[in-house]
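The values are calculated or read from the model by the stated rules, or taken from the named source; none is laboratory data. Remember, it's a predicted structure, so these values are computed and weren't measured experimentally. We place every Cβ from the backbone using ideal geometry, glycine too, and count neighbours over all the protein chains shown.
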Amino acid sequence: MPLILPGAALPPKPGTQEPFTIKVGKIRGVESHGMLCSPPELGLPDQVDGLLILRADAKVGQPFAEYLDRSGGDVVYDLEITPNRPDLNSVIGIAREIAAVTGNPLRIPGFTIQNSKLKTEDIICVRIEDSELCPRYTARVVKGVKIGASPDWLRSTLEKVGIRSISNVVDVTNYVMLEVGQPLHAFDYHLIAKSSVGQASSLS
C-alpha cells in the first residue's frame, strides 16, 4: 500500500485549493507517523473502496511515481494567457514564444503518416453548412482502433492540467489539442456512416 510520510502533501480535493499536508499526530491514542492512501486521496481515477493495494512486485521504499512509471520531478506551470494571445494556448505556442525571446531554435515533434491507397474523401466527405462560422473543417479516417483505457503516462499528463481521462481515443485528441492548440473530435465511423460501403458519408 502507498504510504505518505509527515511533511508531504496530498493533492487538493475538488473544490479546494490548499493541499492536505501530513503531520505527526495521534489516532485513537496511538502516535501516527504517516498515512496509507486510497486512490482518490492520491488523485487517481481508480474507483476502489478502501486503500490502494499494490502489485506483489512493488518494492518497499520505492517512490510511488516510479511505481506508476511516472516522472517524480515534473513541473506544472500555471500560466495566465491574455485574450489577445490565443497562440499561447498550446505547448508548441509557448515553446515558439520562448524560442523567439531566447533565440533558441524551436523544435517541433515530428510524425509520419502511413500512406494508404484508399483516400479519406473516398470514405467520407465534409460538408460545411456555415462558412462564416466555420470556414474550414478537415477529417481523417483512422482504422484499427480499439477503445480502451489510456496508458498511465497519458492519463497522468492530462490529470496534471485538470483534464479527466475518458478513454484512449478521447484522451489522445485532448493531448494533441493541448500540444498544438487545435481542437479535435473523434467520431465512430459506424455511427455517422449512413450510406453503404464505398459511398461517401457526410460529416458536418
Contact list, first residue from the stretch 101-125 and of a type outside the set (Asp, Glu), second anywhere and exposed (fewer than 10 other Cβ atoms within 10 Å of the Cβ) and modelled with pLDDT under 90, beta-carbon distance below 7 Å, six or more apart or interchain, is Thr120/Arg140
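Inside the stretch 143-204, counting only helices (runs of 4 or more DSSP H) that do not spill past its ends, which hold 1 or more residues that are within 21 Å of Val76 (Cα to Cα), among the charged types (D, E, K, R) and modelled with pLDDT of 90 or more? Reasoning before the result, please.
Details: elements: 152-160, 168-180, 189-192.
Result: 168-180.
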Within the stretch 70-85, identify whether any single residue is in contact with a helix residue (DSSP H, G or I) (Cβ under 6 Å, 6 or more places away or on another chain), charged (D, E, K, R) and at pLDDT below 80, and answer yes or no.
yes
Just one of (1) of a type outside the set (Gly, Ala, Ser); (2) free of Cβ contacts under 8 Å to residues at least 12 places away in the same chain; (3) closer than 25 Å to Asp78 by Cα trips up Glu132, so point out which.
(3)
